[in-house]
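The values are calculated or read from the model by the stated rules, or taken from the named source; none is laboratory data. This is a predicted model, so every value here is computed, not measured. Here Cβ is always computed from backbone atoms with ideal geometry, including for glycine, and neighbour counts include all displayed protein chains.
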Amino acid sequence: MKHLRVLLILALLIPLFSTYAQEEEAVTEEDSSLKGQFEELERKSGNYRANGIQYEVIKLSDLYKVKNNIFDSINTSSKTIKDLSATITSNEAEIENLNTKLRETTDKLNSVTEEKDSISFFGILIGKGTYNFILWSIIFGLLLLLLFFIYRFRNSNFLTQQAKSALADLEEEYETHRRKALEREQKISRQLQDELNKQKK
């Protein structure tokens with residue numbers, strides 16, 4: 001019965017020991033940072049009092065280990081800083097290069113846009129709006145000139161028709177007058193001839 005109690009107690013304590021061992025492993029795994037290593041060093045250090053003065057005792061091997069880890073971390077950080085500085089310098093150069101290319105591309109785009117929005121008119125590059133205004137002004141001016149010439153032509157045509165009509169009337173009147181004059185002349189000639197014939201008799 002006594003053995004049974006001992007076994008029962010051992011059975012209950014084994015899980016506690018295994019839990020404590022796992023926690024110790026977890027603490028060891030978690031404390032790989034410099035802060036954790038210093039805390040571990042403080043935990044492992046001891047103290048004693050001699051002649052009224054308190055002394056802290058740290059194992060030199062642990063101190064050397066932490067010291068080496070600190071220098072390794074500093075060296076790694078320095079190398080990382082140098083690598084990052086080189087990367088930053090490279091990135092800045094690349095950014096400057098890209099900005100230069102962007103400016104050149106923007107200038108080219110503005111030039112192409114200006115050419116696209118402009119038209120060469122008598123060798124001068126002018127905007128499409130100005131070109132359209134000039135073109136429509138020329139078309140409107142030519143249209144006004146055409147209407148003016150049509151008006152002048154119709155007016156001249158009307159005057160010509162009137163002149164032709166007046167000329168035709170005048171010719172007809174002249175022809176009538178000539179015919180009457182010819183008839184009168186013939187009549188007078190006949191009368192004269194008759195008178196001459198009478199006198200001869």
Anything in segment 128-183 that is β-branched (Val, Ile, Thr) and more than 30 Å from Ser118 (Cα to Cα)? List them, or say none.
Ile150, Thr160, Thr176
Here is a list: Ile126, Ile138, Ile119. Which entry is surrounded by 10 or more Cβ atoms within 10 Å (Cβ to Cβ) and part of a helix (DSSP H, G or I)?
Ile138
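Conditions (1) out of contact with any Cys (no Cβ under 6 Å at 6 or more places or on another chain); (2) charged (D, E, K, R); (3) at pLDDT below 90; (4) surrounded by 10 or more Cβ atoms within 10 Å (Cβ to Cβ), marked per residue:
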| residue | (1), (2), (3), (4) |
| --- | --- |
| Ala50 | yes, no, yes, no |
| Thr80 | yes, no, no, yes |
| Glu96 | yes, yes, no, yes |
| Arg103 | yes, yes, no, yes |
Please work out which residue is nearest to the chain's Cα centre (by Cα), limiting yourself to segment 35-75 and to residues that are aromatic (Phe, Trp, Tyr) and not in a helix (DSSP H, G or I).
Tyr55
